Amino acid sequence: MCYCSRPLVVLMCSLAALAQERQPDPKQRERAVRELAKRSPEAIPQIEPYLSDPVLDVRLEAVKALTDLGTGDSVPPLLRATRDNDPSVQMRAVEALVNFYYPGYIQSGLQRVGTAIRSRFTDTNDIVVPRFVNVREDVVAALGRLASGGSSMESRAVAARAIGVLRGRAALPDLVRALHSKDDTVIYEALIAIQKIGDPAAAPRVSFLLRDLKKEVQIAAVETTGLLRNREALPDLHKVLQRTEDKEVRRAAVEAIGRIADASSREVFLRYLNDRDEGTRAAAAEGLGRLKNPADRERVEKLFAGSGVKGQHRLALAFAAAHLGKTELSEFSPLQYVVNNLNSSKYRAISEAYLIELAREPAVRSLLHTIVHRGTRDEKIGLGRVLAASGDASSLPYLEKLSKDSDEEVAQESLRALRNLRARL
């Protein structure tokens, strides 16, 4: 069926179907689709009948053509392609739909969830569409249907990943169903998607995976529990910490407990503040800072100033010191140290996340307003993103001015941040 209404377009659909019948050779039909793809988007109704071709390669070519044309008119036929019985067509259609909302998604290679993730789970895919992007409800519904019932485990995993990229909150019930899959990759991708959507209501549905025997799934479940700040799961996180002998699981548990930041966990943070593992030390420092216990301020500031403390651990101590009230901006102050690390390719993402959290406090946000225009290129871009995520109406003039910066990259990123802030307010 063609998604068309005007008589002329209906006629084009009919002619396309007739032409398809007159091409007995599948290779000829593939070439025909490629030729149609070279035309304007008006060729979409002529391409759509090839989505019903009995030959898989022809259907794949049709999806590729719709992807390349990349207009809103491609979305309805791509939705139809997600219902194809072959998983490869389903996956290509999913990727094309995401690519429409996140241009470059397919070229980035981040859409694949193949052997590398199954074997190593080293995926660091953190891309999501900007908040000002509105995704069609039927697109999210189609992705949810595939995530919980696609024709292969790989197509389910690809769909789950896509839901996360598109922030498809309406598909959360499908992601929860995917968590009960017997396939580790599907479970993992569903957990990451739930993290990106960030709805605390989903947190209790993740708790059963805190005991999962697959290390990578368990870590993802622990991280998700912390990111969604599920306080009810705190006893289970403490059990994970007590029972594990794996440093990566231990690090994730301390970090999750630190995100929940309950006063009952203070001894955990103090115990791991000098752990052998740098990531665990950093997680403990973060947790201690979030507790905002005045009794810990001197200890944290002394550790931050210590000559032997560096890297991620020192950055976490700076974050903790700022949380504990050390918020002045001076050459060697903790808050300035976090800002300075926006210039570091290694620690930029961590610094940005720390500042987003710290800027939720009006006093810190006001301080950042005073320096947003006088920083380096990376600082301006990073602080723009921070204000987009944690700013309020008072942040708008600062981003508006930054969007007119003489540096084109700063201006473009700041305009994007401005749109995200307006969408959030």
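The values are calculated or read from the model by the stated rules, or taken from the named source; none is laboratory data. Bear in mind that the values here come from a model prediction, so they are computed numbers and not experimental data. Virtual Cβ from ideal backbone geometry, glycine too; neighbours counted across all protein chains shown.
Please go through region 41-78 and give me each residue that is crowded, with 23+ Cβ neighbours inside 10 Å and without any contact (Cβ under 8 Å) to a residue 24 or more places away in the chain, ordered by number.
L78, the sole residue that qualifies.
Does S307 count as of a type in the set (G, A, S), in a loop (DSSP other than H, G, I, E, B) and more than 22 Å from L241 (Cβ to Cβ)?
Working: of a type in the set (G, A, S): yes; in a loop (DSSP other than H, G, I, E, B): yes; more than 22 Å from L241 (Cβ to Cβ): yes.
Against the criterion (of a type in the set (G, A, S), in a loop (DSSP other than H, G, I, E, B) and more than 22 Å from L241 (Cβ to Cβ)), S307 qualifies.
Would you mind finding the one in R34, R92, R59, R39 that is within 14 Å of L146 (Cβ to Cβ) and either among the hydroxyl-bearing types (S, T, Y) or out of contact with any strand residue (DSSP E or B) (no Cβ under 6 Å at 6 or more places or on another chain) (or both)?
R92
Among residues belonging to region 59-107 that are of a type in the set (D, E) and assigned to a helix (DSSP H, G or I), point out the one that is nearest to K38 (Cα to Cα).
Among them, the one singled out is D68.
Which is part of a helix (DSSP H, G or I), in contact with a Leu (Cβ under 7 Å, 6 or more places away or on another chain), within 27 Å of K404 (Cα to Cα) and modelled with pLDDT of 95 or more, of E357, E379?
From the options E357, E379, the qualifying one is E379.
Suppose the filter is small (G, A, S) and in the same structural domain as G150 (by TED's automatic domain parsing); does G104 pass it?
Criteria met by G104.
So for region 196-203 (the condition being touching a Gly at 6+ places or on another chain (Cβ under 9 Å) and either buried (at least 24 other Cβ atoms within 10 Å of the Cβ) or within 15 Å of L143 (Cβ to Cβ) (or both)), does at least one residue qualify? Lay out the reasoning, then the answer.
First, the residues of region 196-203 that are touching a Gly at 6+ places or on another chain (Cβ under 9 Å): 196-197.
Still in the running and either buried (at least 24 other Cβ atoms within 10 Å of the Cβ) or within 15 Å of L143 (Cβ to Cβ) (or both): 196-197.
Looking for residues that are touching a Gly at 6+ places or on another chain (Cβ under 9 Å) and either buried (at least 24 other Cβ atoms within 10 Å of the Cβ) or within 15 Å of L143 (Cβ to Cβ) (or both), one finds at least one in region 196-203, hence yes.
Starting from region 363-379, keep only residues that are in contact (Cβ under 8 Å) with a residue 40 or more places away in the chain, then list their pairs with residues that are in a helix (DSSP H, G or I) and of a type outside the set (G, A, S) whose Cβ atoms are within a distance under 6 Å, requiring at least 6 positions of separation or different chains.
V364/L358; E379/L342
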